[in-house]
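What follows is a single structure, written as structure tokens, with notes after it.
The values are calculated or read from the model by the stated rules, or taken from the named source; none is laboratory data. These numbers were taken from a predicted model, which means no experiment stands behind them. All Cβ positions, even for glycine, are placed from backbone atoms using ideal geometry, and neighbour counts span all protein chains on display. Just the protein is used for accessible areas: all its heavy atoms, side chains included, with ligands, DNA and RNA removed. Shrake-Rupley method; radii C 1.70, N 1.55, O 1.52, S 1.80 Å.
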Amino acid sequence: MPPQIPHPDPGTPDTRGPMRYLWWLVRCQPWRALRGSLLGTAWMIGLSARPYLIARAVDDGLRTGDTRALALWVAAIVVAGVGLSYLGIMRHRTMTFIREDAKARSAEVLLRHLSRIGAVLPRRVGAGEVSTIGGSDIDWTAQVLTLTGPGVGAVVAYGVIAVVLWSISPMLALCVLVGVPVVGLVVGPLLRRLERAESVYRRQQGALTARSGDIVAGLRVLAGVGGRDLFARRYAARSQELRAEGYRVGAVNSWIDAATVAIPGLFLAAVVWLTARMAVTGDVTIGELVAVYGYVATLIVPVWFLLEGSHQLIRGRVAARRIADLLNVTPDDVGGPGRRWPDQTPEAGRPEAGRPEAGRSEAGRPGSVPEARRPPGPAAPDGPADLHDPVTGLTVRAGWLTGVAVDDPATAVALADRLGRYVVSGVTWGGVPLRDVALDEVRARILVADHDSYLFAGTLRDILGAGADDDDERIGAALRTASAQDVVDSLPAGLDTPIDARARTLSGGQRQRLRLARALHREPEVLILIDPTSAVDAHTEARIAERLRTARAGRTTVLIATSPLLLGRADLVAHLSAGRVTGTGSHTDLFDSDPAYRHLVARGSEEAYR
């Protein structure tokens with residue numbers, strides 16, 4: 001059964017380094033870690049009790065022929081075995097709770113942080129990196145906490161056995177005290193090599209996972225343009241590179257695994273050979289010979305745990321470093337030009353690896369960052385205010401429906417990012433620098449909606465962002481404006497029909513209209529739409545344009561599009577060419593006076609739009 005986290009809030013992780021993060025996981029459950037250490041220590045020390053009992057049975061019972069003494073010692077051995085079994089069960093159970101608690105806690109803080117940073121995430125971390133961190137890295141990090149139980153017990157048992165052997169023979173004790181550190185020195189270089197190989201492997205694995213996600217998401221498009229084979233070949237080539245790197249990691253792992261078994265075995269053989277020589281010379285008794293063999297054989301268990309723990313610590317450090325790096329991505333750290341998440345390859349950092357569009361609409365939910373976590377800054381405008389972008393020279397008038405025709409799609413997306421504060425820029429809002437306004441205030445009042453933003457799985461009501469207190473009339477108004485009522489009517493259970501992730505069962509046009517309805521249902525103060533009708537037919541587009549103007553009357557709306565049907569309904573149209581505003585006016589005025597604008601929106605059929 002999974003452990004119960006003591007409080008709903010998993011706490012604030014220490015992300016100043018991988019070891020600090022691991023120590024934070026331990027500090028979150030101190031009593032359980034202490035119990036695991038006590039049980040692990042008792043179990044390890046208990047293992048060394050049986051060789052002593054066997055030695056007493058040999059010396060006091062077998063050698064002297066004392067049946068009663070032999071029976072007593074045998075009974076003690078049985079009782080010790082039962083006690084060790086109980087301790088082993090409780091130790092394993094406690095350590096399982098510790099590891100599961102660490103997994104749940106890491107998953108909780110990651111989920112909380114990812115929901116907080118919103119659309120910043122795709123610009124800093126590829127989707128494959130997030131998937132890898134949320135899966136195997138969390139698991140490897142939790143495995144390190146085994147050191148708090150058997151790891152502590154192994155160190156204590158090592159010292160206890162050394163003291164016991166000292167009472168039999170100081171020479172044997174010195175062999176143990178010196179031999180175990182030598183074992184660590186032999187395995188140490190392999191562990192450092194493993195850390196380097198693991199870091200490279202995990203980074204490449206994340207990049208490949210991102211590529212596979214991109215291919216699957218765009219498979220239909222790739223097939224349509226004949227690019228499926230090209231991407232398949234590229235994926236296969238990267239997969240071969242990852243496999244080769246995996247072989248290198250596996251080779252180091254195999255040497256470590258072999259050393260974990262072979263070195264303690266050789267150590268045991270050397271100590272037993274030395275003890276046998278001492279028994280021949282009469283320095284130790286037969287019972288003591290048996291006891292030494294048992295002690296050293298028992299010592300293999302803590303030595304194995306120490307080596308295995310070191311192995312886990314290396315992997316856990318790599319995993320904890322990646323988790324800490326992800327947790328250090330802050331909402332305001334929107335990654336300026338040239339910035340990249342640590343250890344991220346250029347491949348994984350491309351837009352294909354983590355589409356910016358996948359998070360904007362959902363990231364616009366209010367309260368994404370608690371105000372208590374932000375430093376005080378300039379207050380946002382009390383009411384509707386103009387937005388001004390100094391990069392392009394565009395001014396968005398408060399309460400107007402502003403159309404923006406851009407000759408470059410990348411410039412259009414960059415403009416939306418600045419106006420929605422998804423990048424640091426000089427945009428002002430009512431004269432106040434937008435970058436200085438509290439982020440939760442920006443997200444609550446300004447919404448950027450892409451035409452292909454992500455649709456999560458759930459009922460249609462959930463997808464539209466409607467809560468239990470939302471009446472169907474308000475939802476219906478948003479659906480009508482987006483001309484999406486027919487989508488609801490076609491579903492068996494209407495708004496309560498379950499829809500899979502990305503709404504793959506719906507057509508492209510249906511999905512786009514639902515995205516528009518979702519944005520309209522939010523009723524933000526400022527709504528920035530990027531090509532909201534690119535996948536619908538002309539008649540539907542005309543209806544949406546007319547209804548959108550009515551629904552958003554008196555509220556600031558920005559339409560970034562090149563559709564003359566949309567731009568024709570705008571109060572003001574700005575034409576952006578080469579990244580700057582080259583003309584403003586009504587759609588008709590620009591169409592007649594600006595040849596570049598006319599060519600952009602007419603799409604080769606200029607006569608049809610005169």
Subject >> Filter result (charged (D, E, K, R) and in contact with a helix residue (DSSP H, G or I) (Cβ under 7 Å, 6 or more places away or on another chain)) within region 102-117 >> reply: LYS103, ARG105
Original post:
Could you list, in sequence order, the residues of region 411-463 that are open to solvent by less than 10 Å² (accessible area, probe 1.4 Å) and in a loop (DSSP other than H, G, I, E, B)?
Top reply: GLY420, TYR422, VAL427, VAL437, SER453, LEU455
Subject >> Qualifying residues in region 575-610 (those that are of a type in the set (S, T, N, Q) and at pLDDT 90 or above) - the one farthest from ASP537 (Cα to Cα) >> reply: THR582
**OP:** Can you tell me which residue within region 1-27, out of those that are surrounded by fewer than 19 Cβ atoms within 10 Å (Cβ to Cβ) and within 17 Å of THR96 (Cα to Cα), is modelled with the lowest pLDDT?
**Re:** MET1
Original post:
Among the residues of region 517-552, which ones are in contact (Cβ under 8 Å) with a residue 60 or more places away in the chain and aliphatic (A, V, I, L, M)?
Top reply: ALA519, VAL526, LEU527, ILE528, LEU529, ILE530, ALA535, ILE544, LEU548, ALA551
Original post:
Residue check: is LEU572 touching a Phe, Trp or Tyr at 6+ places or on another chain (Cβ under 7 Å) and at pLDDT 90 or above?
Top reply: yes
Original post:
Does region 61-71 hold any residues that are without any contact (Cβ under 8 Å) to a residue 60 or more places away in the chain and under 21 Å from TYR295 (Cα atoms), and which are they?
Top reply: GLY61, LEU62, LEU70
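A quick yes/no check of all residues on (1) under 19 Å from ALA482 (Cα atoms); (2) open to solvent by 70 Å² or more (accessible area, probe 1.4 Å); (3) under 36 Å from the mean Cα position of the chain (by Cα); (4) acidic (Asp, Glu):
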| site | (1), (2), (3), (4) |
| --- | --- |
| GLN510 | yes, no, yes, no |
| ILE528 | yes, no, yes, no |
| ALA538 | yes, no, no, no |
| VAL558 | yes, no, yes, no |
| ALA570 | yes, no, no, no |
| ALA578 | no, yes, no, no |
| ALA602 | no, no, no, no |
**OP:** Would you check if VAL74 is at pLDDT 85 or above and either in a helix (DSSP H, G or I) or not hydroxyl-bearing (Ser, Thr, Tyr) (or both)?
**Re:** no
Subject >> Residue among VAL301, VAL221, VAL249, VAL216 that alone is farther than 30 Å from ARG504 by Cα, part of a helix (DSSP H, G or I) and either at pLDDT 70 or above or open to solvent by 50 Å² or more (accessible area, probe 1.4 Å) (or both) >> reply: VAL301
**OP:** Sort out which residues of region 58-69 are assigned to a helix (DSSP H, G or I) and surrounded by fewer than 18 Cβ atoms within 10 Å (Cβ to Cβ), and write them in order of number.
**Re:** ASP60, LEU62, THR67, ARG68, ALA69
Original post:
Does PRO532 fit the bill of being surrounded by fewer than 18 Cβ atoms within 10 Å (Cβ to Cβ) and either on the phi < 0 side of the Ramachandran plot or of a type in the set (Gly, Ala, Ser) (or both)?
Top reply: no
Original post:
Counting only residues that are over 12 Å from LEU464 (Cβ atoms) and among the small types (Gly, Ala, Ser), which one in region 479-497 is surrounded by the most Cβ atoms within 10 Å (Cβ to Cβ)?
Top reply: SER483
Original post:
Looking at region 36-57, is at least one residue surrounded by fewer than 16 Cβ atoms within 10 Å (Cβ to Cβ) and part of a helix (DSSP H, G or I)?
Top reply: no
